[in-house]
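The values are calculated or read from the model by the stated rules, or taken from the named source; none is laboratory data. Being a predicted model, the structure only gives us computed values, none of them experimental. Because the Cβ atoms are built from the backbone with ideal geometry, glycine has one as well, and the counts that use them run over all protein chains shown. These accessible areas exclude ligands, DNA and RNA; they are computed on the full protein's heavy atoms, side chains included. Shrake-Rupley method; radii C 1.70, N 1.55, O 1.52, S 1.80 Å.
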Amino acid sequence: MKVCIYGAGAIGGYLGVQLAHSSAADVSLVARGAHLQAMKENGLKLLIEGEERVIKPNATDKPAELGVQDFIIICLKAHSITGAIESMKPLLGSHTRIVTAVNGVPYWYFYKHGGNEFEGRTLESIDPGGRQWKELGPERGIGCIVYPATEIEAPGVIRHVYGDKFPIGEPSGETTPDVENLSKVFEAARLKAPILDRIRDEIWLKLWGNVCFNPISALTHATLDVIASDPATRALSKAMMLEAQQIAETFGVKFRVDVERRIEGARKVGAHKTSMLQDLERGRPMEIDPLVTVVQEMGRMTNIPTPAIDSVLGLVIQRAKVAGLY
């Protein structure tokens, strides 16, 4: 089975080492810059559970060299996917599946979902011009939620912080041979990949926190424990989450926990910097549209007001523009 990890950064590199280490699949990595050069010279190193795991990966910045794949696991920031479509095309065969291991709402969201009013719709904030939908194809999509935290410690060196869970699922909710095979490959690599029949519920459960904690942290530079404990930012987070919940429930999404429990879960994570705050501090483009703008866009689609989301989104976009990161 040929598996290409497209975007072998912190999460992609972690996946690459674990999958290659297990020998459960023929794994290749798409990366670039100093990170790719370090992989080629010294291998890709994963620091995990007090040990070092090193692989000599088949890594490249020219995907066409790799040939057709069975699975492409996209680990790019969601706002980077459209720009990678052309270089991804040589990897696509008639049976290739695209695993969207990205934050936020995936391009295939309204494939076999949304009822008569919304099924087949594309979302401009995450898929400008509907290019991913038209050129990659929603029928190829497999959902994947990323729960582990990892970071690039140095070029070619990934540090695992916590977690090993990557829930997956077909947009249709079916348990197909493709998702069964993918789950087995992950499990052989000592990763948990439960197959979900309602993958969108899990997408929203993670997005529910991202839509508020990420932009608030970028604006305040506060960690999760502070945001979820301070009365003002906790109340603002709750208001944004309730707006998002009303939108999601319009599409039939079910939340398995209530908003207070979800906020409390974030507080218990402790002094953790969100990915958006980390991007701001490191001068990297901030992942605003896939985490916040898309929820606002879905609110417009459903005629649901989002005053709290609108206000915070306006502020964080301005913050990103001032820093040259939007």
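Details
- Lys-Lys pairs in segment 2-147 that are eight or more residues apart or on separate chains and whose Cα atoms lie under 19 Å of each other come to 11.
- Cα-based shape type of segment 158-227, given that a ≥ b ≥ c are square roots of the gyration tensor eigenvalues and the cut on a/c is 1.5: oblate
- Cα-based Lys pair tally, segment 191-326, threshold under 20 Å, eight or more apart or on separate chains: 8
- Maximal additional length on extending the Val322-Ile85 stretch stands at 82.4 nm, based on 0.36 nm per residue less the C-alpha distance.
- Rounded if a/c under 1.5, otherwise prolate or oblate - segment 22-78, Cα gyration tensor axes: prolate
- Inter-label distance, Lys165 to Thr302: 2.4 nm, where each label sits 7 Å from its Cα along the C-beta direction.
- Taking each residue as 0.36 nm, the span from Asn58 to Glu249 lengthens on full extension beyond its C-alpha to C-alpha distance by 64.5 nm.
- Peptides 290-301, 108-119, ordered by how many other C-beta atoms sit within 10 Å of their residues on average, highest first, read 290-301, 108-119.
- Fully extending the segment from Lys268 to Arg256 would add 2.5 nm, taking 0.36 nm per residue of separation and subtracting the current Cα-Cα distance.
- For segment 1-126: accessible area per residue (Å², 1.4 Å): 41 Å²
- Two-site label geometry, Glu139 and Val68: point separation in nm, points 7 Å out along Cα→Cβ: 1.5 nm
- Value in Å of the Kirkwood radius, where segment 5-149 supplies the Cα pairs that are averaged: 16.0 Å
- Whole-percent carbon and sulfur share, accessible surface of segment 243-295, 1.4 Å: 45 percent
- Overall form of segment 134-272 per C-alpha gyration tensor (a/c, 1.5; a/b vs b/c): oblate
- Solvent-accessible area of Arg198, all protein chains in place: 100 Å² (probe radius 1.4 Å, heavy atoms, ligands and nucleic acids excluded).
- Taking Lys and Arg as +1 and Asp and Glu as -1, the other residues whose beta-carbon sits under 10 Å from that of Gln296 total -3.
- With every protein chain in place, segment 1-116: carbon and sulfur % of accessible area (1.4 Å): 46 percent
- Sites Thr176 and Ser94 - FRET efficiency at Förster radius 22 Å, r taken between beta-carbons, to 0.05: 0.90
- Kyte-Doolittle at least -0.5, axis length at least 30 Å by Cα - qualifying DSSP helices, the chain: 199-220
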